[in-house]
1. Would you confirm whether any residue within the range 157-171 is within 13 Å of the chain's Cα centre (by Cα) and not in a strand (DSSP E or B)?
2. Which count do you get for residues in the range 100-125 that are over 13 Å from residue 10 (Cβ atoms) and surrounded by fewer than 18 Cβ atoms within 10 Å (Cβ to Cβ)?
3. Inside the range 95-125, can you point out the residues that are of a type outside the set (Val, Ile, Thr) and in a loop (DSSP other than H, G, I, E, B)?
4. Go through (1) at pLDDT 85 or above; (2) crowded, with 17+ Cβ neighbours inside 10 Å; (3) over 28 Å from residue 22 (Cβ atoms) and name the single condition residue 144 misses.
5. Scan the range 126-141 and give yes if some residue there is assigned to a helix (DSSP H, G or I) and modelled with pLDDT under 90, otherwise no.
6. For the range 146-155, give me each residue that is within 22 Å of residue 123 (Cα to Cα), more than 15 Å from the chain's Cα centre (by Cα) and in contact (Cβ under 8 Å) with a residue 12 or more places away in the chain.
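The values are calculated or read from the model by the stated rules, or taken from the named source; none is laboratory data. Small disclaimer: the values here were computed from a predicted structure and weren't measured. Note that each Cβ is placed from the backbone with ideal geometry, even for glycine, and that neighbours are counted across all protein chains shown.
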Amino acid sequence: MAKTAAITAPRLKALYSEKYIKELQAELGLSNVNEVPKLEKIIVSVGIGKNKDDKRHYEVVRNTVTKITGQSPIDRMARKSIAGFKIRAGMNRIGLSVTLRGARMYEFLDRFVNVALPRVRDFHGVSNKAFDKGGNYNLGVVEQSIFPELSFEETQHAHGLQITFVIKNGNKEASKALLVKFGMPFEKEGGAR
């Protein structure tokens, strides 16, 4: 007989289902537990930009995203032609993206909030204004060097990341309340920098 290891849920997922759902329902004054905002997926994307023809840069970005997320990224294609950037519709490899769901999503969120964000220089919190109409939150990371999974050599080619937190049943207030529960450090409103 083969031994099976006990599978444990990620820390934030367990906290959400055991504690945060009830707290959010009470805080937001929701009558039904199904109305409570829920993190559906996290999308991590990187644009190749001016280095779209450099295969070495592409491989560095691909390896970086794979190490950070624990999942292999997919290539993004251009939807429109943009003459100023020398991009034609259908051109391949203008960017990479990864969609995280389930256990990997919660583990990435935990590492991002508790390990990576505190490593940002002169950090005053993430913006309160990055919510869209659906309650999703978009966050830009200037340099990939804040992630501890990467070695010094892997951070020599600096590039940014775009992280989108897709939240179900969220408006701006409900989504922010959910992200605060997960430990997202928002900047103080009206505070001096």
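1. yes
2. Looking only at that region, the number is 9.
3. 101, 121, 122, 123, 124, 125
4. With (1) at pLDDT 85 or above; (2) crowded, with 17+ Cβ neighbours inside 10 Å; (3) over 28 Å from residue 22 (Cβ atoms) applied to residue 144, the lone miss is (1).
5. No; the residues of the range 126-141 include none that is assigned to a helix (DSSP H, G or I) and modelled with pLDDT under 90.
6. Answer for the range 146-155, where residues must be within 22 Å of residue 123 (Cα to Cα), more than 15 Å from the chain's Cα centre (by Cα) and in contact (Cβ under 8 Å) with a residue 12 or more places away in the chain: 148, 149, 150, 155.
Rundown of residues vs (1) exposed (fewer than 15 other Cβ atoms within 10 Å of the Cβ); (2) assigned to a helix (DSSP H, G or I); (3) touching a Leu at 6+ places or on another chain (Cβ under 7 Å); (4) not basic (Lys, Arg), yes/no style:
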position: 17; (1), (2), (3), (4): yes, yes, no, yes
position: 20; (1), (2), (3), (4): no, yes, no, yes
position: 23; (1), (2), (3), (4): yes, yes, no, yes
position: 41; (1), (2), (3), (4): no, no, yes, no
position: 46; (1), (2), (3), (4): no, no, yes, yes
position: 56; (1), (2), (3), (4): yes, yes, no, no
position: 60; (1), (2), (3), (4): no, yes, no, yes
